[in-house]
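J.: The structure under discussion is supplied below as structure tokens; questions concerning it will follow.
Just so it is clear, none of the values below were taken in a lab; they were calculated from the coordinates. Keep in mind it's a predicted model, so treat the numbers as computed, not measured. Note that we place each Cβ from the backbone using ideal geometry, even for glycine, and neighbour counts take in every protein chain shown.
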Amino acid sequence: MYGSPKLPSPTRLELIGLAQSQKHVHRLMPLLAIPRPSKSVGSIYSAMVAVVGIALFVTVSGPAGAPVQDVPAPEVLEALADKDDLKRLDALDKLILWGPKAEVALNKTMECLDSPNERIREKAVRLVVEIGAPSIPHLLRAVQAGKDLSCLSAGDALEELGPIAREASTSLNRLLNDPRPRVRISAIRAYTSIHGSGSLLTLCRLLETDSDQDVHDQILRSIITHRLRSHYASRTVARFLTNAVIGGKEELAGQAARVLESMEKEGIAGLNELLIDAKSPTKTLRYSLAAIEGLAKRRVKEVQVLVPCLTKLAINEDRLVRMAALSALGAIGPDAKQVVPTLVRLSMSAVGEEKIKLAVAIVLIQPDEVVGTTILVNGLKDTDVGVRCLCAQLIDKLQVKHNGLVVALTHALRDSEENVRMSAANRLCDLGAAGAPALAELRRLLSDDSVTIRAVVRRAIKNIEWDLSRLEAETSD
């Protein structure tokens, strides 16, 4: 047994902390009369460390893991009111361990909710949440007082308490109509957390009647955060989106569109109303189409019902609306197959970027439709370098197949634009033996100025030659 280290009389909380740290275990062993192990039993020692920690914690904390005293030490409560932020933080950390028994510190903890130090506020919120139901009246008073920091912090705490704070519903309901926006915001967060989907009708009413933009923003955020959805709410948010656009509130309009997307199949009801309304502003249509594209990418099958509306918008007088409609149709994919003949017809007269957008939509909906792939392949020879880059990237990304693809890609390997050469080499890399006609041009690019292109070209040559060898071996067999 080795000699006892110089260990001052520790507090129970200090012992718990030491038990949780392996590096201090030698200081704790003498207290339990455990001999120091040799290096040869390192694995046993590691297991012993865990046992010592658990045993010590149970010894000083009791079976339930709560400290032996009925209340925290007076010095901890005094530290909570200290002007030194570090001491206050340390006191909050210790009090959090007490859970509901830290109720004696509730008044001083509430003062911490108004601290300019963010870490102190965060820990104070955590402590009042640990205390639980007894903190609810105090939190409601803090919200009602309306002071900037304490009001928001109290809202955070009530939001975390959630259904536990149901007794505060009546008070919160009154605060939803408080004349001060910050009070209404905190009340909304708490009310939504407590009632979940049951708060949706109230939120819809506030969205239509409240005049403050920050309150609107919080309502929309709460709907997204708590994943609230209904057809009624979808239509309410859709109307709000239009009003936000008319009022020039672009950020709120975008947020409303994200809410409709987050509602998934329930959100389609509101989006459909916006698309069929002849009075919907152009920006409203664009926000709606972005949400529809998001729903399609989420694989929400019900979005198919919007295909007829999207087809009409593909010929809208506004170019950006047309482009957004095409993006949405492309995202829907094969489920929008009935629109392909219309898109093919439109592609005949379209030019520039819009023609390419039509081609992409056609390829995404019906990959074997030759009109779409031909537009992209021919784009590799366009005089506009931007068009060539875009087509080369799309051919690579969409894994386009076409009878004249290899010839076009071989030509693209000679392009002056690095991005075109890179995308062409990437696509040839995936073609295997079919890309053999481009081998000579690929070998020439082994001396390209771009290190990245040389690496891609080497991989493409390797893949093509390997595939050729495989086919030759199969033929000889």
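J.: Please go through the residue pairs LYS265/LYS357; LYS297/LYS397; LYS312/LYS355; LYS265/LYS297 and name each one whose alpha carbons sit more than 19 Å apart in this structure.
T.: Numbers: LYS265/LYS357 26 Å; LYS297/LYS397 16 Å; LYS312/LYS355 17 Å; LYS265/LYS297 13 Å.
Beyond 19 Å between Cα atoms: LYS265/LYS357.
J.: Multiply the residue gap between ASP467 and ALA73 by 0.36 nm, knock off their C-alpha separation, and tell me the result in nm, one decimal place. Before the final figure, lay out each step's value.
T.: Working: separation 394, 0.36 × 394 = 141.84 nm, distance 7.67 nm.
Separation in residues times 0.36 nm, less the Cα-Cα distance, equals 134.2 nm.
J.: Further question: Through the Karplus equation 6.51 cos²θ - 1.76 cosθ + 1.60, θ set to phi - 60°, convert the phi angles of segment 80-86 into ³J(HN,Hα) values in whole Hz; use x for Gly and Pro.
T.: Couplings: 5, 9, 5, 6, 6, 4, 5 Hz.
J.: Can you give the percent of C-alpha pairs in segment 136-195 whose distance is more than 18 Å?
T.: Working: 252 of 1770 pairs.
Counting every Cα pair in segment 136-195, those more than 18 Å apart make up 14 percent.
J.: With point charges of +1 on the Cβ of Lys and Arg and -1 on the Cβ of Asp and Glu, referenced to the Cα centre of the chain, which listed residue (LEU394, SER416, ALA455) lies farthest in the positive direction of the dipole?
T.: Result: ALA455.
J.: Right, here's the next one. Could you compute the net charge surrounding ASN426? Neighbours are other residues with a C-beta less than 10 Å from the C-beta of ASN426; K and R count +1, D and E count -1. Please list the in-between numbers first.
T.: Details: positive: LYS397, ARG421, ARG427, ARG459; negative: ASP396, ASP430.
Around ASN426, the surrounding residues sum to +2.
J.: For THR383 and ASP93, compute 0.36 nm times the residue count separating them, minus their Cα-Cα distance, and round to one decimal in nm. Walk me through the intermediate numbers first.
T.: Details: separation 290, 0.36 × 290 = 104.40 nm, distance 6.73 nm.
In short, 97.7 nm is gained.
J.: Here is a further query. Taking the chain as the reference, fit the longest principal axis to its C-alpha atoms, fit the long axis of helix 267-276 to the helix C-alpha atoms, and give the angle between the two in degrees, 0 to 90, nearest 10.
T.: For helix 267-276, the angle is close to 40 degrees.
J.: Compute the relative contact order of segment 137-192 as a whole-number percentage, counting only Cα pairs closer than 8 Å that sit 6 or more residues apart in sequence.
T.: Values: 66 pairs, mean separation 22.5, N = 56.
It comes to 40 percent, rounded to a whole number.
J.: By how many degrees, between 0 and 90 and to the nearest 10, does the Cα long axis of helix 148-161 differ from the longest principal axis of the chain?
T.: 90 degrees
J.: If I fit a long axis through the Cα atoms of helix 200-209 and take the longest principal axis of the Cα atoms of the chain, what angle between them do I get, 0 to 90°, rounded to 10?
T.: 80 degrees
J.: Name the longest site-free stretch of the chain, where the excluded sites are GluC sites (Glu not before Pro) in a DSSP loop with no more than 15 other beta-carbon atoms within 10 Å. Could you put the intermediate results ahead of the total?
T.: Values: sites that count: GLU317, GLU417.
Of all site-free stretches, the longest is 1-316.
J.: Could you tally the net charge around ARG454, taking each other residue with its Cβ under 13 Å from the Cβ of ARG454, Lys/Arg +1 and Asp/Glu -1? The partial results should precede the final answer.
T.: Details: positive: ARG421, ARG443, ARG444, ARG458, ARG459, LYS462; negative: GLU418, ASP448, ASP449.
Once positives and negatives cancel, what remains is +3.
J.: By a straight-distance test (C-alpha under 17 Å), which lysines pair with LYS249 as possible cross-link partners, with residues fewer than eight away in the same chain excluded?
T.: Here the lysines satisfying the reach criterion relative to LYS249 are LYS283.
J.: Just want the ordering: MET323, MET422, MET263, MET348, from fewest to most Cβ atoms lying within 10 Å of their own Cβ. Walk me through the numbers before you get to the answer.
T.: Numbers: MET323 19, MET422 23, MET263 26, MET348 9.
Final ranking by Cβ density, sparse to dense: MET348, MET323, MET422, MET263.
J.: Counting Lys and Arg as +1 and Asp and Glu as -1, each charge on the Cβ, what is the dipole of segment 104-171 about the Cα centre in debye, to the nearest 20?
T.: On the way: 8 positive and 10 negative charges, 29 e Å.
Charge dipole, segment 104-171, about its Cα centre: 140 debye, nearest 20.
J.: How much net charge surrounds VAL129 when only other residues with a Cβ under 13 Å from its Cβ are counted (Lys, Arg +1; Asp, Glu -1)?
T.: Values: positive: ARG121, LYS123, ARG126; negative: GLU103, GLU122, GLU130, ASP156, GLU159, GLU160.
Local charge sum for VAL129: -3.
J.: A further question on this structure: If a/c stays under 1.5 just call it rounded; otherwise compare a/b with b/c (prolate if a/b is bigger, oblate if not). Do that for segment 72-112, with a ≥ b ≥ c from the square roots of the Cα gyration tensor eigenvalues.
T.: Working: a/c = 1.68, a/b = 1.43, b/c = 1.18.
In terms of gyration-tensor shape, prolate.
J.: Additional query: Rounded to the nearest 500, what is the chain's calculated 222 nm mean residue ellipticity when only DSSP H runs of at least 4 contribute -39500 (n - 2.57) each, over all residues? Don't jump to the answer; show the numbers that get you there.
T.: Values: 27 runs with 320 residues, N = 477.
Helix-only estimate at 222 nm: -21000 deg cm²/dmol.
J.: Over the alpha-carbon set of the chain, work out the extent along each principal axis and list the three values in angstrom, largest first.
T.: Computed over the chain, the largest-to-smallest principal extents equal 85, 71, 39 Å.
J.: Moving on to the next point. How much length is gained on full extension from ASN419 to ARG298, taking 0.36 nm per residue of separation minus their Cα-Cα distance? Spell out each step's value before the answer.
T.: Working: separation 121, 0.36 × 121 = 43.56 nm, distance 3.01 nm.
Separation in residues times 0.36 nm, less the Cα-Cα distance, equals 40.6 nm.
J.: Here is a further query. Under 14 Å Cα to Cα from LYS401, which aspartates and glutamates show up? Leave out anything in the same chain fewer than 8 places away.
T.: Output for LYS401: ASP368, GLU369, ASP430.
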